[in-house]
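Worksheet: one structure, shown below.
Here, each number is a calculation from the coordinates, and none is a lab measurement. These figures come from a predicted structure and were not determined experimentally. Neighbour counts are summed over all protein chains in view; Cβ atoms, including those assigned to glycine, are modelled from backbone coordinates with ideal geometry.
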Amino acid sequence: MRSEGIAGSCDAAFAGVREVFEENFRARHEVGAAVAVVVDGRRVVDLWGGFADAARTRPWQADTLVNVYSTTKGMVALCAQRLVDAGKLDLDAPVARYWPEFAAAGKGSIPVRWLLSHRAGLAAVRDPLPGEALYDWHAMCRALAAEAPWWTPGEAHGYHAVTFGWLVGEVVRRIDGRSLGRYLREEVAGPLGADFHVGLPDALHARVAEMGPIPPPEPGAEGMSLAALILEDPQCLAARAFLNPPSMALGPNVPEWRRAEIPGANGHASARGVARIYGALARGEQEGVRVLSREGIERCREEQSCGQDRVLQISTRVGQGFMLSQDAPLAAFGPNPGSFGHPGAGGSVGFADPEARVGFGYVMNRMGPHILLDPRADALIDAAYAAL
């Protein structure tokens with residue numbers, strides 16, 4: 001069906017989701033976006049619309065991919081949790097057991113779980129890095145292995161905005177031998193038939209939507225935006241976390257970004273791909289493909305960190321690699337407190353709700369200013385639960 005530029009399918013009971021999706025274009029300045037909802041393994045919403053470029057010349061298609069920034073972190077956490085399920089990774093073991101070089105600068109006793117829960121104190125690299133380091137896995141891992149923590153590990157948490165992907169991804173690589181992107185492709189996305197990529201092959205770049213810039217803070221908006229946080233103090237930890245290497249400022253619309261593996265920030269996905277993976281997590285398996293054990297799913301949503309985040313300077317709740325549902329209006333993943341997932345800068349989000357057996361995915365290319373959930377995603381989540 002197609003109306004007002006919206007295409008796809010939507011069960012009659014979920015017509016309210018379609019109405020909100022259309023409203024996002026009319027009233028919330030959406031440019032291009034997609035939303036998908038899976039309930040008990042069945043996709044009940046699969047909608048897309050708008051444009052894949054700022055000039056509004058290229059319509060968003062069913063298979064359009066877009067950079068989802070930190071929504072990627074949920075996939076990194078999933079890969080690590082699968083290794084726990086397999087008995088290959090002990091979350092309480094020192095990181096240095098798997099990655100000996102990590103022990104430098106007094107980090108020998110930091111356990112793996114503190115990487116997943118943003119408690120390791122490694123949210124940024126102090127020394128300025130060359131721009132090309134962003135796209136060089138081994139350069140970033142060497143820099144992080146040599147880095148000293150910014151705070152006493154374990155005593156507080158602070159969002160490891162980009163470093164999370166290299167830190168956890170290198171543990172996965174040291175144990176399994178495959179890169180994080182390859183592991184995700186061969187063990188999760190491929191078997192599920194889910195369009196979610198870390199390290200995008202050049203052959204798929206033509207399917208990627210152009211991502212807009214981070215906007216300035218909205219006048220009168222509540223809370224501090226990411227842009228405002230960095231502009232207020234260019235030397236703050238948040239600025240260093242997001243802008244070292246400085247090539248982060250080049251953004252995601254370059255081939256170097258798309259083809260590199262930057263698992264804290266550069267996943268490329270469709271909404272249906274995000275929802276399919278989280279739908280499988282909501283019930284443990286999808287069409288015979290088991291992504292995690294029941295025990296693994298419970299691990300994902302065990303609270304590890306709660307309170308003031310030293311990087312984002314807001315209160316957050318974090319599990320073992322996943323964000324947990326926050327108090328509204330920050331990032332409530334539906335009404336059930338046991339939901340878990342991850343938002344991405346600018347608006348994208350994916351989450352699983354095992355109680356309702358819901359998997360949700362929303363992706364877009366007009367970035368909003370909010371640190372966690374964007375009002376566009378919030379409205380879609382509310383509409384989806386109203387239909388259950």
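Summary table
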item	result
Contour minus Cα-Cα distance for HIS29 and THR152 (0.36 nm per residue)	40.0 nm
Region 224-329 - charge dipole about Cα centre, Lys and Arg +1 at Cβ, Asp and Glu -1, debye rounded to 20	320
Residue with peak Gaussian network fluctuation, the chain [Cα springs, cutoff 10 Å], from GLN81, GLN326, GLN235	GLN235
Along each principal axis, Cα extent of region 23-79, largest first, Å	37, 25, 22
Counted charge near VAL198, where neighbours are those whose Cβ lies closer than 11 Å (Asp, Glu -1; Lys, Arg +1)	+4
Helix 163-176 axis, angle to the chain major axis (alpha carbon atoms, nearest 10°)	80
Sorted largest first, extent of region 132-268 alpha carbons per principal axis (Å)	45, 37, 28
Charge tally in the Cβ shell below 14 Å around SER339, where Lys, Arg are +1 and Asp, Glu are -1, SER339 excluded	-4
0 to 90° range, to nearest 10: angle between helix 137-146 axis and the chain longest Cα axis	50
Student exercise, the chain dipole from Lys, Arg, Asp, Glu Cβ charges, in Debye to nearest 20	660
Where only C-alpha atoms are counted, convex hull volume of the chain per residue in Å³	122
Neighbour-count ranking [beta-carbon atoms within 10 angstrom, fewest first] of VAL125, VAL291, VAL363	VAL125, VAL291, VAL363
Around LEU129: net Lys/Arg minus Asp/Glu count, Cβ-Cβ under 12 Å	-1
Relative contact order, percent, the chain [alpha-carbon distance under 8 Å, six or more residues apart]	24
Dipole magnitude (debye, nearest 20) for region 49-207, charges at Cβ of Lys, Arg, Asp, Glu	100
Equivalent-ellipsoid semi-axes of region 323-388, from the Cα gyration tensor, Å, largest first	18, 12, 10
Of ASP46, ASP127, ASP378, the one that fluctuates the most in a GNM where the chain has Cα springs shorter than 10 Å	ASP127
Percentage, to the nearest whole number, of Cα pairs in region 49-97 over 17 Å apart	59
Taking only Cα atoms of region 5-145, radius of gyration then Dmax in Å	21.3, 58
Translational D in µm²/s for region 104-158 (Stokes-Einstein at 20 °C, 1.002 mPa s, Kirkwood Rh from C-alpha pairs)	182
Highest-fluctuation residue, HIS118, HIS29, HIS157 considered, GNM on the chain with Cα pairs under 10 Å	HIS29
Mean separation of Cα contacts under 8 Å (6+ apart) over length of region 66-111, as relative contact order %	26
Acute angle (nearest 10 degrees) that the helix 15-27 long axis makes with the longest principal axis of the chain, alpha-carbon atoms	80
